[in-house]
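Enquirer: Dropping a structure here in structure tokens format, bear with me for questions.
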Amino acid sequence: MRNSAIQGLTIIGLCVVAAIGGFAVYRYLAQPSVIDQTACLAPEITLNDLNAQPRKLSEWRGKLVLVNFWATWCAPCLHEIPMLLEIQQQYGARGLQIVGPAMDDMEAVKTSAPELGINYPVLVGDTEIVTAMQALGDTLGALPYSVLIDANGTIVYRKHGEFDRDALQKLIEQHLPAG
Amino acid sequence: MNPRIGSLLIVAALALSAQPAIADGSLLQPREQSDRILPVDEAFRVQPALWQNGQLIIGIDAAPGCYLYRDKFGVVVLAPANLVLGKSDLRAGETHHDEHFGEVRVFRDRLLARYKTPSATPPQKVRIRYQGCAENLVCYPPQERVLTVETVR
């Protein structure tokens, strides 16, 4: 009887370990493709907005800035934007500012941005965007490309590809400005 | 407890613990597709432009998980000036349903196009343009490359 109880507990223990192990493997395989987490100051970048007015990245210093490079021809970018709109809505009052530089022609972006309901500043350019991406650490030339810059202007995260919502929320919570 | 039943329970627990990963496909997809985003020149390898048997041959190999848009591909002769290419034998490609762009034609392994010229004059230099994506990960901006044509006898 006692042996059966020990055997039963052992099996339950093994099941728990197996479940935890399986979940850990799943989390590892499902994690977003992060490039790195380099802490360095973001360079000054100037790009035109949809009114052809030059805007500097430092304009949003003091906020947590998520620079999300996108394009109207980039399906993963268009897929990610609705989630970013909700994130901006959710965290805007707590100091998050998403900025969306588009690698595209002005007319295409002027049409698409309102259709997508983008509620954050959209910047636009062609080679200027490529240069800006490279200045912010891009080595692949692929979109979407996102860079998270904290309130002090330090790059705290860079990533190609779409964000997982939970991972992005966790990241934002970690780096939101104090107070 | 019967040891066989214990073993079965362990197997069941392992299967259950792996279920979320299987359900979202992360265990079933190639690692390089989901975990590593390639630079554009590794995602799409442009082959040397060849002139063979009176035909210009242009080829681009797409890495696993990457595809090229058919309608974004094009070739222009830079030299000799005024040489115009005839129609290519580019295949139709396969249909790809895109959530935003609808049905598009793509090439997943290799894009291969052969062109004839009106007087069988070989082009010396061409400019190609192409664009593609890594499935469900990223898209690459339109690319242009200038190629010197090699004659193959």
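Enquirer: Once amide H atoms are built 1.01 Å from N in the peptide plane, which residues 5 or more positions from A:Ile98, or in another chain, come under 5 Å H to H?
Expert: Amide H to amide H, under 5 Å and 5 or more residues apart or across chains, A:Ile98 pairs with A:Leu66.
Enquirer: Give the average, rounded to an integer, of partner chain Cβ atoms located within 10 angstrom of each Cβ in A:139-145.
Expert: Counting other chains' Cβ atoms within 10 Å and averaging over A:139-145 gives 6.
Enquirer: I've got another one for you. Would you list, by chain and number, the lysines whose Cα falls below 24 Å from the Cα of A:Lys63, excluding same-chain residues fewer than 8 positions away?
Expert: Those lysines meeting the cut-off are A:Lys159, A:Lys170.
Enquirer: I would also like to ask the following. Just order B:77-90, B:131-144 by mean Cβ neighbour count inside 10 Å, highest at the front, would you?
Expert: B:131-144, B:77-90
Enquirer: Under the rule of at least 5 residues apart or a separate chain, name every residue whose amide H is placed under 5 Å from the amide H of B:Glu135.
Expert: Here the answer is B:Cys66, B:Tyr67, since their amide H atoms fall under 5 Å of that of B:Glu135.
Enquirer: To make sure I understand, if each residue's beta carbon is the centre and we count other beta carbons within 10 Å, what order do A:Val122, B:Val146, B:Val40 fall in, fewest to most?
Expert: Ranking A:Val122, B:Val146, B:Val40 by Cβ neighbours within 10 Å, fewest first, gives B:Val146, B:Val40, A:Val122.
Enquirer: Sticking with this structure for a sec: Can you give the mean number of other chain Cβ atoms that lie within 10 Å of the Cβ atoms in peptide B:131-137?
Expert: 4
Coordinate-derived values only; no laboratory data. If you're wondering where the values come from, they're calculated on a predicted model, not measured in any experiment. Quick reminder, even Gly has a Cβ in these numbers, built from the backbone with ideal geometry, and neighbours come from all protein chains shown.
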